[in-house]
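The block underneath contains the structure these notes are about, expressed in structure tokens.
Read the figures in this text as sums done on the coordinates, not as results from a lab. These figures come from a predicted structure and were not determined experimentally. Methodologically, a virtual Cβ is constructed for each residue, glycine included, from the backbone with ideal geometry; neighbour enumeration extends over all protein chains shown.
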Amino acid sequence: MLFRQLFDRETSTYTYLLADQQTQAVILVDPVLEQVERDSKLLTELGLSLRYCLPVTVL
């Protein structure tokens, strides 16, 4: 398993990347819309494939 914690300073939000290194499938937890390019670039660099995004909503 691969784990990365990414931080967006503008929104003070942590995004979590969890990947299965065998299947190269990824789930992003609490992604930030403005960081799509950063996240996409990281997935490409690591040779991973996005399968799921799990947005987190705080009420």
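Which of the residues that make up the stretch 7-54 are of a type in the set (S, T, N, Q) and outside any helix (DSSP H, G or I)?
Hits for the stretch 7-54 are 11, 12, 13, 15, 21, 22, 23, 24, 49.
To keep it simple, each residue is scored yes or no on (1) surrounded by 13 or more Cβ atoms within 10 Å (Cβ to Cβ); (2) out of contact with any Lys or Arg (no Cβ under 9 Å at 6 or more places or on another chain); (3) aromatic (Phe, Trp, Tyr).
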residue	(1), (2), (3)
8	yes, no, no
26	yes, no, no
39	yes, yes, no
42	yes, no, no
45	no, yes, no
58	no, yes, no
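In this structure, is residue 49 surrounded by fewer than 15 Cβ atoms within 10 Å (Cβ to Cβ), polar (S, T, N, Q) and on the phi > 0 side of the Ramachandran plot?
no
Can residue 4 be described as part of a strand (DSSP E or B) and within 9 Å of the chain's Cα centre (by Cα)?
For residue 4, the condition - part of a strand (DSSP E or B) and within 9 Å of the chain's Cα centre (by Cα) - is met.
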